[in-house]
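The values are calculated or read from the model by the stated rules, or taken from the named source; none is laboratory data. Since the model is a prediction, treat every value here as computed from it, not as a measurement. Here Cβ is always computed from backbone atoms with ideal geometry, including for glycine, and neighbour counts include all displayed protein chains. Just the protein is used for accessible areas: all its heavy atoms, side chains included, with ligands, DNA and RNA removed. Shrake-Rupley method; radii C 1.70, N 1.55, O 1.52, S 1.80 Å.
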Amino acid sequence: MQTWKSLVAAGAVSLSASLAHAATEIELFFPVPVEGKLAAEMKNLIERFNTEHADIDVTPVYTGSYDETNIKTRAAIKAGRPPAAVIMSANFILEYQINGEIEPLDGLIEANGLTADAYMDRFWPALHGNARFADKVWAAPFHNSTPLLYFNKEHFVEAGLDPENPPATWQEFVDAAKALTVRDGDRITRYGFMLPGNYDYLGWIMTALTMSNGGQYYNAEYGGEVYYDTPSMLGALSLVRDMIFTHKVTPEGVTDGKAVSTAFFAGDASMVMLSTGSLSFIRENMGDRYGVAFVPRNVRNAVAIGGASLMMPKGLSDDQKAASWTLINWLTSPEISGHWSRFTGYFAPNRAAYDLSEMKGFLEANPDAQVALDQLAYARSWFATFNTVAVRKALEDEVQAVMSGDREPAEALAAAQAKADEIMRPYVEQTALKLPQ
Amino acid sequence: MPAAAQDGRWLAVAMLAAVALVWSTPLLWMTVAAFRPQNFGGLDMASLLPDFAPTLANFAEALDSADFARLYLNTLAVCAGILSVQLATVTLAGYAFARLQFRGRDLVFYLFLLQLMIVPPVLIVPNLVTIVGLGLYDTLLAVMAPYFASAFGVFLMRQTFRTIPRDFEEAAMVEGANWAQIVWRVLVPLARPGMVAFAIVSVTAHWNEFLWPLMVISNPDNHTLTIGLASFTRGAESASQWGVIAAGTFLVAAPLLAAFTLFQRQFVNSFLFSGVK
């Protein structure tokens, strides 16, 4: 009898103890978009969050690339098992809003005693377009990037170019690429310029070139329009074609982003256009042999942002929502934002991160990171439409055909426009073409 | 004439060797790169010649980047689980389609084969909904469940059973065996080459599978090898540490490569027998 009682008592004690410590369990989906031990560092960060927040237990879930994270998140939402927070490619947020699959953050922001304006003011202005639209805040920027022109300083000196004065216009850019290319008879032993041609990356680089050529690329106010068959895009694509086939300073065909940076490290390419997200990795491998510059302009300086934001799917309990919001605020705080930025090369979306002394010291020691930050003043929102991935691929397939010499720019863009319009048709018919009867 | 025949033979060997070299280049590069010191300064990264100072540093980093013991265990469990259930289902279904007489048999069989036409990614959402409904989300069983039945396996077993002369079954029937005994004691032993061929296809496919496990597994403790490998080797926006990628890929591929080398003769015989290529 005695043992029976003590067993019950022990059970009751352990039950109440476990109730007292019942932490809200949530999942964070995170992609690994750049090289380096990012997955390991994300796990460290979340461990730290869990120790600092006894009432929340976050499981960090690796979910592949941006595109795979998108598929997994959508499938999990449809299956009724949404994660509490997702680090989602910033230009995919719009589709979740169109589909009604994510929570607007406005209520939570107000509960913190802030207005939406004051909240968004924490982040760089260039990031607002992909996070706040349709009158609400849908995402919190987590890590962001812009494309940069990386160049090999030693090659510049060798070719008689000034490494302190990198090309700023398309003319200077093409001239430099010609001077930097090394030929052995008909064979090219060193390319003046290389750009990544794989899916996702290619679309982003084309956005940068088109915007530098005065283009808009897409309708930032309405998810049913892209401007593929336009003079600004034609100029950008013709530049790429010319560099490959006329000036012969860029290799023919499609080169993967990884191969582009490897070629840069190996000295096989003198200039490359890659993400700020690669900055830390390139610094590690190139030491002080490289410099960075803005994406060269033809009409104006302009690039699109890249990177990812934190969003909150619908279908969470109130406890989970609160826990998710705590996590989102912690991950986007100046301290964590700055730490992640120094670890990866992405810039910190939270402007206050740059007021911290660690960040000031870091920028002083690494002026290349300052260039990335300066270009932010010219950055714009990232292409986002109904069915973003398919619309993007419609262009990328055609650009790849041009890079392989199978298509001329004008016909390629006409085909890409037709394909994209067809993909967006269902949405357009439900919106812009839905007329009063 | 014999001289000419001899020449033709050498030519054939030379061509086969050339094809074999092309096919084995990725494996060769993987092995060489896995043991090469990290070095972006030189152009030797893509070289197929082994480095003079081989290093295990890449393996150390790869092993340090993921819990390989657990990944191996999970992957083995998934492959073994899928295969054992599949062998039961495809044998029985193959027998039904090969030997039993029932109305609409061929129609049902062709409907079954239609599954081969469906691209698996299309089924991600419906499958996931079913998995959540069954309460299996984020378990290894969920990785296996969609593959318990296999149209390809059923087709293969049906064809295999049909090549076995009916005399064997009739003899067993005369001895008083029922259908289960016929399947288990007569047909299965005779169909072993077909089953081995199917086992290789099944294990290779699920060992290498990436998308479905990524969709259905969230807890890192339940990850399979491919996801573990991807978590530290892939990057869309940046360059890669080729040595670590090669070492990680080596670790993932090694068990299958070793198994194939060990049982090579048996595998080749099975494929020849069953006509799978």
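Condition check for A:TRP204 on (1) in contact (Cβ under 8 Å) with a residue 60 or more places away in the chain; (2) away from chain B (no Cβ under 13 Å); (3) surrounded by 24 or more Cβ atoms within 10 Å (Cβ to Cβ): one failure, at (2). With respect to the conditions (1) open to solvent by 20 Å² or more (accessible area, probe 1.4 Å); (2) more than 14 Å from chain B (Cβ to nearest Cβ); (3) touching a residue at least 24 places away in the same chain (Cβ under 8 Å), A:VAL174 lacks only one, and its number is (1).
Against the test of being assigned to a helix (DSSP H, G or I), more than 23 Å from A:TYR346 (Cα to Cα) and within 14 Å of chain B (Cβ to nearest Cβ), the options A:GLU95, A:GLU110, A:GLU154 yield a single qualifying residue, A:GLU154. Summed over the stretch B:227-260, the residues that are in contact with a helix residue (DSSP H, G or I) (Cβ under 7 Å, 6 or more places away or on another chain), of a type in the set (S, T, N, Q) and either at pLDDT 90 or above or not in a helix (DSSP H, G or I) (or both) give a count of 2.
In the stretch A:58-72 there is no residue matching the filter, namely being assigned to a loop (DSSP other than H, G, I, E, B), more than 14 Å from chain B (Cβ to nearest Cβ) and out of contact with any helix residue (DSSP H, G or I) (no Cβ under 8 Å at 6 or more places or on another chain). When restricted to residues that are more than 25 Å from B:ALA230 (Cα to Cα) and either buried (at least 19 other Cβ atoms within 10 Å of the Cβ) or at the interface with chain B (Cβ under 8 Å from one of its Cβ atoms) (or both), the stretch A:44-57 contains 1.
Residue count for the stretch A:43-68 under the criterion of being out of contact with any strand residue (DSSP E or B) (no Cβ under 6 Å at 6 or more places or on another chain) and under 25 Å from A:ILE305 (Cα atoms): the result is 6. Is the stretch B:205-220 home to any residue that is under 30 Å from B:ARG162 (Cα atoms) and open to solvent by 30 Å² or more (accessible area, probe 1.4 Å)? So far as the stretch B:205-220 goes, yes, one or more of its residues are under 30 Å from B:ARG162 (Cα atoms) and open to solvent by 30 Å² or more (accessible area, probe 1.4 Å).
Quick one: how many residues across the stretch A:116-127 are touching an Asp or Glu at 6+ places or on another chain (Cβ under 9 Å) and more than 15 Å from A:MET311 (Cβ to Cβ)?
Filtering the stretch A:116-127 for residues touching an Asp or Glu at 6+ places or on another chain (Cβ under 9 Å) gives A:116, A:119.
Now drop any that are not more than 15 Å from A:MET311 (Cβ to Cβ), which leaves A:116.
Count: 1.
Evaluation of A:VAL137 against the conditions (1) out of contact with any Pro (no Cβ under 7 Å at 6 or more places or on another chain); (2) of a type in the set (A, V, I, L, M); (3) open to solvent by less than 10 Å² (accessible area, probe 1.4 Å) shows that the sole unmet condition is (1). Across the stretch B:111-140, what is the total count of residues that are part of a helix (DSSP H, G or I), open to solvent by 50 Å² or more (accessible area, probe 1.4 Å) and more than 15 Å from B:LEU211 (Cα to Cα)? The number of residues fulfilling the criteria is 9.
Can you spot a residue in the stretch A:418-436 that is within 22 Å of the chain's Cα centre (by Cα) and not in a helix (DSSP H, G or I)? No, there is no match, as no residue in the stretch A:418-436 is within 22 Å of the chain's Cα centre (by Cα) and not in a helix (DSSP H, G or I). Residues of the stretch A:74-83 include at least one that is in a loop (DSSP other than H, G, I, E, B), within 21 Å of B:ASP138 (Cβ to Cβ) and more than 8 Å from every other protein chain (Cβ to nearest Cβ). If we keep just the residues of the stretch A:215-245 that are small (Gly, Ala, Ser) and assigned to a helix (DSSP H, G or I), which is nearest to A:ARG425 (Cα to Cα)? For the stretch A:215-245, the residue satisfying everything is A:SER232.
Does A:GLY197 satisfy the criteria of being touching a helix residue (DSSP H, G or I) at 6+ places or on another chain (Cβ under 7 Å) and assigned to a loop (DSSP other than H, G, I, E, B)?
Values: touching a helix residue (DSSP H, G or I) at 6+ places or on another chain (Cβ under 7 Å): yes; assigned to a loop (DSSP other than H, G, I, E, B): yes.
Criteria met by A:GLY197.
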